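Everything below concerns the one structure shown next.
The values are calculated or read from the model by the stated rules, or taken from the named source; none is laboratory data. Please read these numbers as outputs of a predicted model, since none were measured by experiment. Cβ atoms come from the backbone with ideal geometry, glycine included; neighbour counts cover every protein chain shown. For accessibility, only protein heavy atoms count, side chains too; no ligands or nucleic acids. Shrake-Rupley method; radii C 1.70, N 1.55, O 1.52, S 1.80 Å.
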Amino acid sequence: MKNERHATIKEIIAREVIETQEDLADALRAHGIQVTQATVSRDIKELLLIKIPIGDGRYRYAMPMKESVIFTSDRVKRLFADTVTGVDASENIVVIKTLPGSANTVAAAIDHGSWDEIIGTVAGDDAILCVVKPKSAVKTVIARVESLMGDAPSRGAKG
């Protein structure tokens, strides 16, 4: 079932402009595949889908060329600078806010990076929950996110 769904997702994004997880879920349903938002989110992450510009400030999902190209340090810096809008924390949870539709790509960059302090991420449409271990590493994670954001102001960063 999952392999079939992944193959259908690849076909859909190759033929259609899919801008959001909701668009992708609707397209899958139109192909007779019933999915939840959580399943679509997981599929996007597993397939390492990226967002590419299509003009007028809009982006669409696309398949990556090669993983090594996707997560170069320069690309990760651009990704964070362009899409991350804020970071905050409570206890050992760091929440990274992004532009709508960008959370999965940012979470994938974190998951495939060497963020030893983060033991897992959960991405929605515009927010990522990062579980940090140990709790004392939260300030390090926030500083790293803010550094990657560059000049973008962080909203409510706490340690």
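Before moving on, here are some points about what is shown:
- Hey, Ala157 over 22 Å from Gly101 (Cβ atoms), at pLDDT 90 or above and not aromatic (Phe, Trp, Tyr) or not: no
- Looking across segment 68-81 at every residue that is more than 18 Å from Ala123 (Cβ to Cβ) and touching a residue at least 60 places away in the same chain (Cβ under 8 Å), the one that is surrounded by the most Cβ atoms within 10 Å (Cβ to Cβ) is identified as Lys77.
- Scanning segment 116-133 for residues that are under 16 Å from Leu79 (Cα atoms), open to solvent by 20 Å² or more (accessible area, probe 1.4 Å) and either among the aromatic types (Phe, Trp, Tyr) or touching a strand residue (DSSP E or B) at 6+ places or on another chain (Cβ under 7 Å) (or both) yields Asp126, Ala127.
- Within segment 94-128, the residues that satisfy the criterion of being free of Cβ contacts under 8 Å to residues at least 40 places away in the same chain and β-branched (Val, Ile, Thr) are Val95, Thr98, Val106, Ile110, Ile118, Ile119, Thr121, Val122, Ile128.
- Filtering segment 82-101 for residues that are in a helix (DSSP H, G or I) and surrounded by fewer than 16 Cβ atoms within 10 Å (Cβ to Cβ) leaves an empty set.
- For the residues Ile18, Ile54, Ile12, the requirement of being closer than 28 Å to Gly120 by Cα and either out of contact with any Pro (no Cβ under 6 Å at 6 or more places or on another chain) or open to solvent by 20 Å² or more (accessible area, probe 1.4 Å) (or both) singles out Ile18.
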